[in-house]
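What follows is one structure encoded as structure tokens, with my remarks underneath.
The values are calculated or read from the model by the stated rules, or taken from the named source; none is laboratory data. Please read all numbers here as calculations on a predicted model, not as lab measurements. Counting neighbours? That spans all protein chains shown, and the Cβs are built from the backbone with ideal geometry, glycine included. For the accessible areas, the whole protein counts, side chains as well, though only heavy atoms, and no ligand, DNA or RNA atoms are used. Shrake-Rupley method; radii C 1.70, N 1.55, O 1.52, S 1.80 Å.
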Amino acid sequence: MKEIIRVESKRILSRKSYLIISIIILIFSIFNSLSSLRKYNVYDPSGNIIIYSKDNLKESKLDKHNKLLDEKTIKEVVERKDKSKYLYNSNLVTLIALNYEKKVEDLTDKDISNFYSQRVSNFKSMKIKAAREEDKETFANIGKKLNTPIQLGYTEGWKNLNNDMTDFVTVVIFIIPFIILSIFGEDPKTRMKEIYTATKHGKCDLVKARIITGFRVGAIIYTTAIFIFSLSKLLILGFKGANLPIQSSVNYFFCPYNITYFEQYLINVVVGFMAMLVLVAITLLVSSVSEQILSSAVVVTFILGIMTMLPNNKFYFNHYFKNFVPYSMTNFKHYYLYPEIYNVFGKIIPTYTLVTLVSFIACIVFIILTVVISNKKLSSTLK
């Protein structure tokens, strides 16, 4: 069976094709990273650059700017001891301002001492989504367990990487199905079906090999794309800050989960990988039924199109179905900015954990259906 997998893999993804795909991903990743870098230019009111992005990031990376978001730091910001427009200071001022409905310079000593209590109050006022009202208070209590005071430091590489993964991963997992469409298609040159079904266990071996090939090719493309994209971002914007909490970012200050940027990255990669596996499994099922590349492509395109057009105004529809669709799974920001509550056997489970488990089960179901249908088709062909 190893030989079948080798031949099928080469047929679906040759070295030349793999190299071309990798080069395209590399070019896009570098361009995307350089675009992110340009956002750190600081301008004056006239539109002239007063701090270039490289200087801005270089200064903000210095260890002397690492600090705890405690009363002392907040008080220094209120007193405007540092009036620089460098990234490290502007982020700090914005982060503190998020927690109040008044200007930073108007904060009193009481406001400063109650900084994290105010954060919990703000968190409770957020629109937490839950199927049961009694779960909201339970989930709100999770926000109280945040490790405080928050450690601040340079995190732009990881922050941009995690933020930009939503669109990038979505594009990658939508391309992979079209690459593997021909796995169950007829190939007169290799005549794999005729060769291997002539042997005693050839029929089962061919079906298993083709399924493994589909997931293997998908995994190779996905991991290659993630590796190139991640390395490009981090090489240009910096590797520092992987161990800092995501609450140190303006975007995720009200996130209730105690996770670091690296943990967030791993969650995104794993969830995206599971979304890719589900799409591969669906593609294998469709192509095993059709055995026609063109008709399979039409069906897969239709399925992907439907995923992107699902309505977003029905809570229960989203909660119990849409959140588990591959296209919605890759909306990573949703897991941290707009957390939903899933109560499973009396235990609160984060959305990203549940969608991973459900995706695994769905993938197994699709694989079983593909095996059954493919074996039946081969049996009917050989009669």
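Observations
- Mean shadow area of region 35-114 over all directions, Cα convex hull, nm²: 6.2 nm²
- Of all accessible heavy-atom area on the chain, the percent that carbon and sulfur account for (1.4 Å): 62 percent
- The mean accessible area for residues of region 248-383, using a 1.4 Å probe and ignoring ligands and nucleic acids, is 47 Å² per residue.
- Inter-probe distance in nm under a simple model that places probes 7 Å from Cα toward Cβ, at PHE345 and ILE23: 5.3 nm
- The GNM of the chain, with springs linking C-alpha atoms under 10 angstrom apart, assigns the highest mean-square fluctuation among THR73, THR166, THR356 to THR73.
- Once both labels are positioned 7 Å from their Cα atoms along Cα-to-Cβ, the gap between LYS10 and ASP44 label points is 6.5 nm.
- Each residue, ARG80 and ILE30, gets one label point 7 Å from its Cα in the Cβ direction; the gap between the two is 4.4 nm.
- By the combined test of axial Cα extent (at least 20 Å) and Kyte-Doolittle hydropathy (mean at least -1.0), the qualifying DSSP H helices of the chain come to 15-38, 156-179, 202-237, 261-290, 293-308, 351-382.
- Out-of-range pairs (alpha-carbon distance over 21 Å; input LYS159/LYS233; LYS64/LYS102; LYS54/LYS103; LYS16/LYS377; LYS159/LYS240; LYS39/LYS81): LYS64/LYS102; LYS54/LYS103; LYS16/LYS377; LYS39/LYS81
- Taking all protein chains as they are arranged and a probe of 1.4 Å, the heavy atoms of SER17 leave approximately 50 Å² accessible to solvent.
- Charged side chains reduced to their Cβ positions (Lys and Arg at +1, Asp and Glu at -1) give the chain a dipole of some 1100 debye around its Cα centre.
- If you take all other residues with their beta carbon under 14 Å from the beta carbon of VAL250, and give Lys and Arg +1 and Asp and Glu -1, the sum is +3.
- Largest to smallest accessible area among CYS204, CYS255 [probe 1.4 Å]: CYS204, CYS255
- Peptides 302-314, 210-222 ordered by average Cβ neighbours within 10 Å, highest first: 210-222, 302-314
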